[in-house]
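Encoded as structure tokens, the structure appears first; notes follow it.
The values are calculated or read from the model by the stated rules, or taken from the named source; none is laboratory data. A quick note: this is a predicted structure, and the numbers were derived from the prediction, not measured. Here the Cβ is made from the backbone with ideal geometry for all residues, glycine too, and neighbour counts use every protein chain on show. With ligands, DNA and RNA removed, areas are computed over all heavy atoms of the protein, side chains included. Shrake-Rupley method; radii C 1.70, N 1.55, O 1.52, S 1.80 Å.
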Amino acid sequence: MTEKIFLKIQRIIKTDIVKVFSLTSISTIVKMLTSFVAVKIVAVIIGAGGIAILGQLQNFISMVLSFASGGINSGVTKYISEYKDSPKKIRFFISTGFYITIIASLISGILLITTANYWSRLILLDTQYRFVFQLFGITIILYTLNSYFLSIINGYKEFKKFVTISIVTSLLGLIFTVVLVFLFELKGALISTVTYQSVVFFATILMVRKTKWFNKFNFFSKFSYLITKKYLHFSLMAFVTTATVPLSQLFIRSYAIKNISAEQAGWWEAMNRLSGMYLMIITASFGIYYLPRLAELKSKNELR
């Protein structure tokens, strides 16, 4: 009896979902710790008001990145997982997604650079921070490509690579934030927010450069209008999400800054971040595991 229970536990431990939950839990804990340390340092050096300003910028980044990536990342994961055993089909999905990402990010980058004054006044309530939006416009293509590669990694169910990159992102974010905040205070924190993931792009390249899918034939094949139509369904979902969650937080924070105080808005932002972090232990695991898993299922029994 004991032996049967032990064998059953072993089988459960070896399942993909348990492995993913274990890996993503480690990643989320690292992210929680690094975020807590970063927020604490920023709060000590530039005050709670600085946290509120950073929150405004991060919500803006979330919205822009959704448009700059074409909103196709979930679709990329879905179709890579579904057709991963068909290299010819995969090639068109990867190349079409790559072209969409490049075009959308270039358009977004140009718009950010040319309208930096407007966004600085609207989001950060002062035009002196326009350089932050110009810097974001220059580096946004690296942001979107990094997210695109992560979507492919998730589609191929390379969970260890995905989680490792997530941990590297968290650690680099902490290092960038601490160094730049000590050197330039609030401006340093803003620069870190718009640049650190661009550096992670190069770490991602190092990790995927030897994989089978990372080759010029996959990325520079034909552009498919049929596949673009399929991706657009995911774009619509991404844009709706972007137009609700980050935008609502922007409005709440802006209202608090103008009608209560920047410090109180900073406290709200700190609590909002903490609640988001511990919920990620569950949501991140499901997001990484279930989307590629559901995409590859062929029958209703498997789906159940």
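Give me the net charge of residue 179's neighbourhood, meaning all other residues with Cβ under 14 Å from the Cβ of residue 179; Lys, Arg count +1, Asp, Glu -1.
Here the charged neighbours net out to 0.
At 1.4 Å probe size, what's the solvent-accessible area of residue 118? Round to the nearest 10 Å².
About 110 Å², rounded to the nearest 10.
If one computes the Cα centroid of region 212-240 and of region 134-164, what distance in Å separates the two points?
15 Å
Take the Cβ-Cβ distance between residue 255 and residue 118 as r, set R0 to 22 Å, and report the resulting FRET efficiency rounded to the nearest 0.05.
That gives a FRET efficiency of 0.60.
Send over the semi-axes of region 172-264's equivalent ellipsoid, whole angstrom and largest first, taken as the square roots of 5 times the C-alpha gyration tensor eigenvalues.
Semi-axes from the Cα gyration tensor: 36, 25, 8 Å.
Tell me the net charge near residue 52. Cut-off is 9 Å between Cβ atoms, residue 52 excluded, with +1 for each Lys or Arg and -1 for each Asp or Glu.
-1
Could you sort out which of 89/229; 84/157; 78/229; 88/161; 84/222 sit more than 20 Å apart by Cα distance in this structure?
88/161
For a quick check of understanding: with a 1.4 angstrom probe and all protein chains in place, what accessible area in square angstrom does residue 91 have, to the nearest ten?
The value for residue 91 is about 90 Å².
Relative contact order (percent) for the chain, with alpha-carbon contacts under 8 angstrom and 6 or more residues of separation?
After rounding, I find 35 percent.
Keeping the other protein chains in place, figure out the carbon and sulfur percent of the accessible area of the chain, with a 1.4 Å probe.
Carbon and sulfur atoms account for 69 percent of the accessible area of the chain.
What percent do you get for the relative contact order of region 84-135 when only Cα pairs under 8 Å and 6+ apart count?
Rounded, it is 25 percent for region 84-135.
Which of rounded, prolate, oblate describes region 74-186, given a ≥ b ≥ c as roots of the alpha-carbon gyration tensor eigenvalues and a/c under 1.5 marking rounded, otherwise prolate only if a/b is larger than b/c?
Since a/c reaches 1.5 but b/c is at least a/b, the shape of region 74-186 is classed as oblate.
If packing is taken as the average count of other Cβ atoms within 10 Å, what order do 153-162, 174-183 fall into, highest mean first?
Result, highest mean Cβ count within 10 Å first: 153-162, 174-183.
Using only alpha carbon pairs under 8 Å that are at least six residues apart, calculate the relative contact order of region 147-198 and give it in whole percent.
27 percent
I want to check the label-to-label distance for residue 205 and residue 160. Put each point 7 Å from Cα in the C-beta direction and report it in nm to one decimal.
Roughly 2.4 nm, to one decimal.
In Å², what does the accessible area per residue of region 203-261 work out to with a 1.4 Å probe?
Spelled out: the 1.4 Å probe surface of region 203-261, per residue, equals 69 Å².
Calculate I(q)/I(0) for the chain by the Debye formula, one identical point scatterer on each C-alpha and no solvent, and give its log10 at q = 0.08, 0.10, 0.14 Å⁻¹ to two decimals.
At q = 0.08, 0.10, 0.14 Å⁻¹ the computed log10 ratios are -0.39, -0.60, -1.12.
GNM on the chain, C-alpha springs below 10 Å: top fluctuator among 107, 167, 152?
107
Can you work out the PRE-style zone for residue 219? Point 7 Å along Cα to Cβ, and I want the residues of region 135-169 with backbone N under 11 Å.
Only 145-146, 149 pass the distance filter.
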